[in-house]
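In what follows, a single structure is set out as structure tokens and then discussed.
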There are 6 protein chains.
Amino acid sequence: MHELGVVYRNIKRADRDVAHDLGRFGSATVHEAMGRVGLMKPYMRPIYAGAQVSGTAVTVLLQPGDNWMMHVAAEQIQPGDIVVAACTTDNTDGFFGDLLATSFQARGAVGLVIDGGCRDVKTLSEMKFPVWSRAISSKGTVKATLGSVNIPVVCAGMSVNPGDVVVADDDGVVVVPAALAKKTLDAAAAREANEGEKRAKLASGILGLDMYKMREPLEKAGLRYID
Amino acid sequence: MHELGVVYRNIKRADRDVAHDLGRFGSATVHEAMGRVGLMKPYMRPIYAGAQVSGTAVTVLLQPGDNWMMHVAAEQIQPGDIVVAACTTDNTDGFFGDLLATSFQARGAVGLVIDGGCRDVKTLSEMKFPVWSRAISSKGTVKATLGSVNIPVVCAGMSVNPGDVVVADDDGVVVVPAALAKKTLDAAAAREANEGEKRAKLASGILGLDMYKMREPLEKAGLRYID
Amino acid sequence: MHELGVVYRNIKRADRDVAHDLGRFGSATVHEAMGRVGLMKPYMRPIYAGAQVSGTAVTVLLQPGDNWMMHVAAEQIQPGDIVVAACTTDNTDGFFGDLLATSFQARGAVGLVIDGGCRDVKTLSEMKFPVWSRAISSKGTVKATLGSVNIPVVCAGMSVNPGDVVVADDDGVVVVPAALAKKTLDAAAAREANEGEKRAKLASGILGLDMYKMREPLEKAGLRYID
Amino acid sequence: MHELGVVYRNIKRADRDVAHDLGRFGSATVHEAMGRVGLMKPYMRPIYAGAQVSGTAVTVLLQPGDNWMMHVAAEQIQPGDIVVAACTTDNTDGFFGDLLATSFQARGAVGLVIDGGCRDVKTLSEMKFPVWSRAISSKGTVKATLGSVNIPVVCAGMSVNPGDVVVADDDGVVVVPAALAKKTLDAAAAREANEGEKRAKLASGILGLDMYKMREPLEKAGLRYID
Amino acid sequence: MHELGVVYRNIKRADRDVAHDLGRFGSATVHEAMGRVGLMKPYMRPIYAGAQVSGTAVTVLLQPGDNWMMHVAAEQIQPGDIVVAACTTDNTDGFFGDLLATSFQARGAVGLVIDGGCRDVKTLSEMKFPVWSRAISSKGTVKATLGSVNIPVVCAGMSVNPGDVVVADDDGVVVVPAALAKKTLDAAAAREANEGEKRAKLASGILGLDMYKMREPLEKAGLRYID
Amino acid sequence: MHELGVVYRNIKRADRDVAHDLGRFGSATVHEAMGRVGLMKPYMRPIYAGAQVSGTAVTVLLQPGDNWMMHVAAEQIQPGDIVVAACTTDNTDGFFGDLLATSFQARGAVGLVIDGGCRDVKTLSEMKFPVWSRAISSKGTVKATLGSVNIPVVCAGMSVNPGDVVVADDDGVVVVPAALAKKTLDAAAAREANEGEKRAKLASGILGLDMYKMREPLEKAGLRYID
């Protein structure tokens, strides 16, 4: 893993429709539907509020302070992809700005998830090109050292394989392995189906303690009420 | 302190009106009025800008990755309360989302202060249910281990007793012990009374050096001006 | 360096027009125009989005928890200045709020860059007085210990001399030594001149790989494509 | 809470013998004996390895960059005390060095726990005066602003009342409220009583799975073994 | 990835001898021999200095504050294994202490790498059971929620598959995929072969500039010497 | 400042004897003698305990993940120098190991201060070549991008000019501008002269409150004693 200097051109992407539909549920529901796994670390934040996207991952492995591979990755993008960029070491430099975003958008990318820094955030917000990053930084990068494109990477603490589905919104970024995408979509839909009913009950003042029948297990666990 | 597995049902809340009125002054003024103490650590940030609330604390002690006690706490909420959730260890998991918020809001809570993670922030923003948290994270939690409700807790570096007044806004979160609430309210009001006059002087170009008569003490302290 | 208890009254400011014009290009372009140096650490964030300013630096060295020198600095401000405040140790206290902002604005300051905390951010946003800080905190400060004004300081990892040009926007804060201001302005203008053309090409689907002629150097560096 | 400018001279200390005996068990066992509460955050580290002490707390509240109150605290020390110093804001300055240690040791203090920085660590190691701190720093402090002595404080995320028992070793720092000291000592002793037997079983190759009878609950929880 | 509630009993371990021999070279040389990849983040630190081990990975996925799976993992240990424990969220609790170490050691484990906290470090040091962890903490954990054993995990930013070789010493922790173990061993040996000669040259005063023939490429890159 | 691609060969070093003698006092005393300024941030830690050195600075500016300039710097070292390496961005890679240390030592360097990572720490400890660094990491670096040697740098938050005196020990790293070296040495000597007497008094039980005559100023400041 983390092989350097290679670009895999033919990756097996998760089903495009499934990938797209997962985005509708948002990262929290998808994370639950996955069985409570798959989430990147919460230091990954959107550069502007309100974006909610999903796509199939084109992965990039960067070297610190070097964005050469972002240009290599651009060529591998297909419509509906989301680029996921990891770095061989913790680094906050601004690997990505408005010019690359213009190129990515022209290729059909729906967003970028980068375990590094991003710049030109005002322009990116105006372009409606969403980015989730660990930092915002004006610092430019060089083009001197090889990384890789479309190899398995670890981004913000989570393994990502090329072609996996990535769901990102204001709450964070979740990775769904391609093989589990359909099953996760169904689970997410089932999960959301009865959320409306639950919300109505809670809004009417019914307690989760009663709705979820927690009083007995709490008592069993030894909870004591003191007046 | 930090007793596990207990829920205190009858807590002595600070006067409801005083608690409410303190919110009008905001965290910075209240912190000054307290004699410059009572502030939680600044990593506690609002999930959306512009909220300014105050209320009486219902406290919760959580275990990492476990939000069982949030449901127990919901039942203890009275209108005008603000829930203050601490955790036995540093943890950023998403203990709180839109369903719990619906329940808390139905019970009359004015907000949540949580030394942990929060999710569904987009929906919470639309619901106008303000949360101050150390993180935003999709990560769901289990319901397996007991914590406590309405015991004294330490939240973001500050002691909070059930019934204390909590004032939160864009600048941070301040805790006012119930016994000091009225005195602090008076001090805050007095403090704010002459802020308008000060602001007008400063806006007209008068220097703080002169307005606060700092030139002499600065000279005494040894400040040297060099041309 | 870091001499305590002195105020330099006569500092040599970079040319006012040059300082102003640099702001138009933003921190990312100016940082590139400088040869990729001069950037403060990315933990420095604006208190509200969208501000983009530049000015000549009035520097302040603060002691932790003490904002006495901010009042001393106010007197040294001339129209078009931006105040740059460093601290002798890492500290997030709220050294600056709406009263000082009123005074700074009255003196003609265009903004504040502070390696410490800021408060009253809601009011500052309404006043349109931009601040870049390491933290937001209600915590007030005392006035007991001398620092200095207009000495060379290190702010967020970058050296700043009084009179240097500071450019700040959503991407971060860049420092341009006064002696390099004109040269940097020219370089920034040249750099920006052909950005429009590049953007158009990339938007049309031309790849950076081709536009920047990267294919050959990538091959030389050993990049392998695998189908 | 966090009242400034006061020194409480007559504090009620936990029983001296109980306080001393608790130290024998170490922080991990005492923390378990407390019901898994009472631990300071793990950023508190000893300045040298191998020290294991316990004592009754004399508390200090410091201002950032100011160690005036450490001198005030010295006078309040009685033999067998351990000084616990909190700070009104996160600060790593070197509040404590070999001169203060000489004074504390002369007064009978067994150690210092400080949510701030410490210096002269080489000399302190030679003196065998143990310190648990959040940082090591040469940075000296001023004596300009009042804090307090022997008020309740929050140190490294844990509430400490004057007179509480503090147990510190290589694993961390635990606080035992004075009222619970005897009960905790008994629980710790009981807990340790059968540790030797457990260790012997495990050393012989018996698995915790069997010794603690975990196989059934694991199966009930749904654990699946796959060959 | 990150499947919960499963234990894989039959994992394919890297060749035992190769795994053992890799340890002789240390993490820095192995990391270079891998082509400069495979390293965990540097926050992973040994609990005592001087240990240098290698082994085949038994992986564990933990839940925050819960060490149940460590007991499940113990049964899967074979002589020469090193346990690698990841957690579903950042957590510093003391998942591991002297009792578990006694059990692990009895099963033949050579060490533990844990992206969480460790306790009883004094005893572990005396037992010579090396641990690399993100924190040291007395905080005990519960046994309530399932994780997994011998699934692929991400530990401290690096993917680890069960059976991979892990090399750990004072410099850090490197993961060598089982399939690359032999090749990496050969590369490490070749690399070390001429280190002695290089060291002798450098010790005699010959510069790396000359030994590595860097003067020409530096000049080409534009380095200027100024007298 | 932070000019890239240049090496200044003729730097003006502080007086060699003064530089050497300053080391005798240690970083805490020198920092006080400087008027409480000049200290690097406390994240800079020695790789082994007990080293105490001082020397004249040869400065290096590195790019992230690239140690090319360390080799260039080696040639500029003169006996008694200490190398001070800064980086254009936060980076923990292992820029320095035993081979470079052999070369530096052969050239007469007394140590290294690096705002980055260091590796081979076991060997460096055996070689008695002291390093103060922000991290320990096996991660190797490339040699692809120019930095500079002997330009003014900011290292761990402190400005360092080539030729300045650097004093480093277990408490941290202090920088003394060359022009202030002699004056600082005298101040340090004067400061230390009466430390012995103070220590004896404090050891005999005399309080700092009395020795430093603090009772009156404390009373004036409003300190209240409560029985």
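Scan the stretch E:1-38 for residues that are farther than 30 Å from D:Ile226 by Cβ and either crowded, with 22+ Cβ neighbours inside 10 Å or within 14 Å of chain A (Cβ to nearest Cβ) (or both) and jot them down. Let's see the steps before the verdict.
Taking the stretch E:1-38 as the starting set, the residues that turn out to be farther than 30 Å from D:Ile226 by Cβ are E:21, E:24-33, E:35-36.
Across the stretch E:1-38, the qualifying residues are E:Phe25, E:Gly26, E:Ser27, E:Ala28, E:Thr29, E:Val30, E:His31, E:Glu32, E:Ala33, E:Gly35, E:Arg36.
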| Out of (1) touching a residue at least 12 places away in the same chain (Cβ under 8 Å); (2) farther than 27 Å from E:Thr88 by Cβ, the odd one out for B:Ser138 is which? | (2)
| task | From (1) over 25 Å from A:Lys220 (Cα atoms); (2) touching a residue at least 24 places away in the same chain (Cβ under 8 Å); (3) of a type in the set (A, V, I, L, M, F, W, C), pick out the condition that doesn't hold for B:Val153. | result | (1)
| task | Hey, can you tell me all the residues within the stretch C:1-54 that are on the phi > 0 side of the Ramachandran plot and small (Gly, Ala, Ser)? | result | C:Gly5, C:Gly26, C:Gly35, C:Gly38, C:Gly50
| remark: Taking the stretch A:141-150 and keeping residues open to solvent by less than 10 Å² (accessible area, probe 1.4 Å) and either closer than 25 Å to A:Gln52 by Cα or in a strand (DSSP E or B) (or both) leaves A:Ser148, A:Val149, A:Asn150
| Which one of the conditions (1) within 14 Å of chain D (Cβ to nearest Cβ); (2) of a type outside the set (D, E, K, R); (3) in contact (Cβ under 8 Å) with a residue 40 or more places away in the chain does C:Trp132 fail to meet, given that it meets all the rest? | (1)
| How many residues, within the stretch B:185-197, are at pLDDT below 95, open to solvent by less than 70 Å² (accessible area, probe 1.4 Å) and of a type in the set (A, V, I, L, M, F, W, C)? | 1
| remark: Result of the Cβ filter at 6 Å on the stretch B:7-32, keeping first residues that are among the β-branched types (Val, Ile, Thr) and partners that are outside any helix (DSSP H, G or I), at least 6 apart or interchain, is B:Val7/A:Tyr225; B:Val7/B:Val149; B:Ile11/B:Asn150; B:Ile11/B:Pro162; B:Ile11/B:Gly163; B:Val30/B:Val167; B:Val30/B:Val174
| How many residues, within the stretch B:49-63, are open to solvent by 10 Å² or more (accessible area, probe 1.4 Å) and either touching a Cys at 6+ places or on another chain (Cβ under 9 Å) or within 13 Å of B:Arg107 (Cα to Cα) (or both)? | 1
| field | Some residue of the stretch D:40-48 being open to solvent by 10 Å² or more (accessible area, probe 1.4 Å), at the interface with another protein chain (Cβ under 8 Å from one of its Cβ atoms) and in contact with a His (Cβ under 8 Å, 6 or more places away or on another chain) | value | no
| query | In the set A:Lys213, A:Lys182, which member is basic (Lys, Arg), part of a helix (DSSP H, G or I) and either at pLDDT 95 or above or open to solvent by less than 40 Å² (accessible area, probe 1.4 Å) (or both)? | reply | A:Lys182
| Checklist (1) in contact with a Pro (Cβ under 8 Å, 6 or more places away or on another chain); (2) free of Cβ contacts under 8 Å to residues at least 12 places away in the same chain applied to A:Val37, failing item | (1)
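State all residues of the stretch B:155-173 that are assigned to a strand (DSSP E or B) and not charged (D, E, K, R); if no residue qualifies, say none.
Let us first name the residues in the stretch B:155-173 that are assigned to a strand (DSSP E or B), namely B:155, B:158-160, B:165-169, B:172-173.
Those that are assigned to a strand (DSSP E or B) and not charged (D, E, K, R): B:Cys155, B:Met158, B:Ser159, B:Val160, B:Val165, B:Val166, B:Val167, B:Ala168, B:Gly172, B:Val173.
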| In the stretch A:121-134, the residues that are surrounded by fewer than 24 Cβ atoms within 10 Å (Cβ to Cβ) and within 27 Å of E:Tyr43 (Cβ to Cβ) | A:Arg134
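Looking at the structure I just gave you, is E:Ile151 more than 27 Å from F:Asp98 (Cα to Cα) and within 14 Å of chain D (Cβ to nearest Cβ)? Can you show your working first?
Working: more than 27 Å from F:Asp98 (Cα to Cα): yes; within 14 Å of chain D (Cβ to nearest Cβ): yes.
It is true that E:Ile151 is more than 27 Å from F:Asp98 (Cα to Cα) and within 14 Å of chain D (Cβ to nearest Cβ).
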| task | Filter the stretch F:107-120 for residues that are open to solvent by 10 Å² or more (accessible area, probe 1.4 Å) and either within 20 Å of E:Asp169 (Cβ to Cβ) or in a strand (DSSP E or B) (or both) and give the result. | result | F:Asp115, F:Arg119, F:Asp120
| message | Which of the numbered conditions does C:Trp68 fail, given that it passes all the others? Conditions: (1) open to solvent by 30 Å² or more (accessible area, probe 1.4 Å); (2) among the hydrophobic types (A, V, I, L, M, F, W, C); (3) more than 7 Å from every other protein chain (Cβ to nearest Cβ). | response | (1)
| field | Members of the stretch F:163-179 found to be open to solvent by 10 Å² or more (accessible area, probe 1.4 Å) and not charged (D, E, K, R), listed by number | value | F:Pro177, F:Ala178, F:Ala179
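Only residues that are of a type in the set (Asp, Glu) and farther than 21 Å from F:Tyr48 by Cα: list them for the stretch D:99-131, please. Please lay out each step first, then the result.
Residues of the stretch D:99-131 of a type in the set (Asp, Glu): D:115, D:120, D:126.
Passing the criteria: only D:Asp115.
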| remark: Restricted to the stretch F:82-105 and to residues being within 15 Å of F:Trp132 (Cβ to Cβ) and more than 14 Å from chain E (Cβ to nearest Cβ), the residue surrounded by the fewest Cβ atoms within 10 Å (Cβ to Cβ) is F:Ala86
| request: Tell me which of these B:Tyr225 doesn't satisfy, since it passes every other one: (1) assigned to a strand (DSSP E or B); (2) closer than 28 Å to A:Tyr43 by Cβ. | output: (2)
| said: Against the definition (surrounded by fewer than 16 Cβ atoms within 10 Å (Cβ to Cβ), aliphatic (A, V, I, L, M) and under 21 Å from D:Lys122 (Cα atoms)), how does F:Ala200 come out, yes or no? | reply: yes
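The values are calculated or read from the model by the stated rules, or taken from the named source; none is laboratory data. Keep in mind that what you see is a predicted model, and the values were worked out from it rather than measured. Positions of Cβ are generated from backbone atoms using ideal geometry, with glycine treated the same way; all protein chains shown enter the neighbour counts. Accessible surface areas use protein heavy atoms only, side chains included; no ligands, DNA or RNA. Shrake-Rupley method; radii C 1.70, N 1.55, O 1.52, S 1.80 Å.
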